[in-house]
């Protein structure tokens, strides 16, 4: 086991009706609130009205930042920073999914950024610094942004999608009933995102971090049990709650404790795809993951034991031939993703090979691929992209 | 799944050499340090000297509170509070196991307690209030006090051992190599304590909290894998590290997330035992647990499914007859405890039945037994104690 630091200061209220804590928690930080959200879904579901009533009853002064995109853009971050400065904002309230929360994390740090180019802040942010307090109300189980310090921001001018570390939310309100209205496609894609966060840590050099591996396996089993239920019965509270708890933990860093950081290669490859095409993060990850698994299994025999562990502990498979067992585990991952009804090839998304070489050339940001569990060259990445067609 | 709040503000440094963060972390709070520890073990191992050098090099002013007992007493809490007040202490540094940390938690709150009877503070403390910052260096994997807000304090005048909530440590330094010197008996007892924390939550009304159950099962498997290794090879870093990570999480509340609180009946019964006899907490728990399991399995058929789950997921057992499988799971728990070499009966500890009626009469503190997963009457408790003879 390697050294690690657990440092998650977020107070997370989980469950039905936890919005009752909103006014008190916001009030700890002040009265001037930036209310941030994405498109119209929070208005359609009535959550916007519920929040506005709480804010109005509590005597909060509200400034709105709306229209945050699914892959949040640096231009939205800039708008948010300007609104915070102009309105002397005390606390940001993000109502939405990972994109809205990510955007708000960058805004919260951007307010204190002294340079004049916020994109530079994203590119150079490796550690949380000073930032406005952020409270969020989560509306989809997926990215885990409600319980981690990172954010992913897209710059369409440069075709870049980059991660930065800006700080944990102070408070996250995770009410699974707010996800009843999430459509099937987004439910399946969000679940694939949760699983990808686990896979990215699970395939690591360090084999002896039992609890981290056990938590990872528990999340995978829980998602594959509960996502199909949520797809059939969108308002099944238990299924939605399990998915939300899984999402909270999957990206928190906890499943990596004691293990060597792996570079998160599927995310690195996915960020290239969605920097070129405005597509759904979780779907790309579901498409990439089994292809990446087959590639690393073929390329490096050290991976066999990890796939065998996955097969045994998560899928209950057994077989004397370890390589056959490893392949069966990958088949099971792919079959699960297929069963959720999302597209499982890039061509279904209308993506061809025209940018593969460029994307493969850019994907190794910060050495994430050259230092990965199984290092990947640009040629390797191109091969994986082609396998996704 | 039920509602819950995750709120663990402790910054936990895990791994070899993490003491390098000590001076910086203490310095956040001030220069006047109360250094608290138990008996001579921290002096024998050299940890005391290492800490004193860091404090001296960092220009800290040190006041010492030594001789904290294995079941820490309210008299030690009172000594600590007095030292803090007399010396204008900024931060408490606890070096030791759960007993030392528990004592320091009560001291940290006691400094701000306005009444004149600290025992009343323990009895009435149900929520963390104002308290001095506490930094700890953990030396045994067991109670999980390094990552929770509670403490257990004993009053020998009244034969009471009671839990209070005083607040999380601000910082915990968890270096598994500090546990190399923990003797076999204490290693096994500490591991039984970790497992008991899990069992106390696992047997709950709420069956659908998948992640909490998965984490619980992972901890149980990890402890039963790594404790025997640590018993054979006391300086096996990987085994010690896994046990420490297991201990951190087991008592953190996380394995209870989404589940109904169960009253922690084995702890309630154990607190009575160790309020009358100055014995090792983890050993009592190992003795009580299988007897309690057999009792509740016999008393209430609803428990069968939980024991079946335990048998299947933790011990890899299978059998068409669910009751037989449930009993086999309990046999496996008992056999594991026996294999670690600790006494598995009260008579081996020289304890007879003379106080059983009194203890059974007192054990239901705060309704912990009447509101338990399977409610226990004083007669039930006496029957369980007798089965432990």
Output the number of the condition that residue B:34 fails; it satisfies all remaining conditions of (1) more than 24 Å from residue B:85 (Cα to Cα); (2) crowded, with 20+ Cβ neighbours inside 10 Å.
-> (1)
Given the residues A:22, A:2, A:65, A:47, which is the only one that is within 30 Å of residue B:21 (Cα to Cα) and surrounded by 14 or more Cβ atoms within 10 Å (Cβ to Cβ)?
-> A:2
For segment B:345-361, which residues satisfy the criterion of being surrounded by 20 or more Cβ atoms within 10 Å (Cβ to Cβ) and either in contact with a strand residue (DSSP E or B) (Cβ under 9 Å, 6 or more places away or on another chain) or farther than 22 Å from residue B:299 by Cα (or both)?
-> B:346, B:351
Scope segment B:6-52; condition part of a helix (DSSP H, G or I), more than 14 Å from chain A (Cβ to nearest Cβ) and within 29 Å of residue A:257 (Cβ to Cβ); matching residues = B:23, B:26, B:27, B:41, B:42, B:47, B:48, B:50, B:51
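Matching residues to (1) out of contact with any strand residue (DSSP E or B) (no Cβ under 9 Å at 6 or more places or on another chain); (2) over 25 Å from residue B:4 (Cβ atoms); (3) at pLDDT below 95:
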| site | (1), (2), (3) |
| --- | --- |
| A:202 | yes, yes, no |
| A:214 | yes, no, no |
| A:217 | yes, no, no |
| A:231 | yes, yes, no |
| A:240 | yes, no, no |
| A:254 | no, no, no |
Among (1) surrounded by fewer than 22 Cβ atoms within 10 Å (Cβ to Cβ); (2) closer than 30 Å to residue A:46 by Cβ; (3) touching a residue at least 12 places away in the same chain (Cβ under 8 Å) - the single one residue A:183 does not satisfy | (3)
Among the residues of segment B:98-123, write down those that are free of Cβ contacts under 8 Å to residues at least 24 places away in the same chain and assigned to a helix (DSSP H, G or I).
-> B:120
Exception for residue A:130 within (1) part of a loop (DSSP other than H, G, I, E, B); (2) touching a residue at least 60 places away in the same chain (Cβ under 8 Å) falls at (2)
Please go through segment B:99-139 and pick out each residue that is surrounded by 14 or more Cβ atoms within 10 Å (Cβ to Cβ), over 15 Å from residue B:74 (Cα atoms) and out of contact with any strand residue (DSSP E or B) (no Cβ under 6 Å at 6 or more places or on another chain).
-> B:131
Positions within segment A:223-245 being assigned to a loop (DSSP other than H, G, I, E, B) and away from chain B (no Cβ under 11 Å), in sequence order | A:233, A:234, A:235
Go through segment B:24-43 residue by residue and tally those that are touching a residue at least 24 places away in the same chain (Cβ under 8 Å) and under 24 Å from the mean Cα position of the chain (by Cα).
-> 8
Of the residues in segment A:176-216, how many are facing chain B (nearest Cβ under 10 Å), under 18 Å from the mean Cα position of the chain (by Cα) and under 27 Å from residue A:374 (Cβ atoms)?
-> 2
Answer with yes or no whether residue B:143 is buried (at least 22 other Cβ atoms within 10 Å of the Cβ), in contact (Cβ under 8 Å) with a residue 40 or more places away in the chain and part of a helix (DSSP H, G or I).
-> no
Residue check: is residue A:95 over 24 Å from residue A:160 (Cβ atoms), modelled with pLDDT of 95 or more and not in a helix (DSSP H, G or I)?
-> yes
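Here are some residues: A:157, A:69. Which one is under 21 Å from the mean Cα position of the chain (by Cα) and closer than 30 Å to residue A:358 by Cβ?
A:69
The rows are residues; the columns are (1) in a helix (DSSP H, G or I); (2) within 24 Å of residue B:153 (Cβ to Cβ); (3) touching a helix residue (DSSP H, G or I) at 6+ places or on another chain (Cβ under 7 Å).
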| site | (1), (2), (3) |
| --- | --- |
| B:247 | yes, yes, yes |
| B:261 | no, yes, no |
| B:272 | yes, yes, yes |
| B:275 | yes, yes, no |
| B:289 | yes, yes, yes |
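The values are calculated or read from the model by the stated rules, or taken from the named source; none is laboratory data. All values reported here derive from a predicted model rather than from experimental measurement. We place every Cβ from the backbone using ideal geometry, glycine too, and count neighbours over all the protein chains shown.
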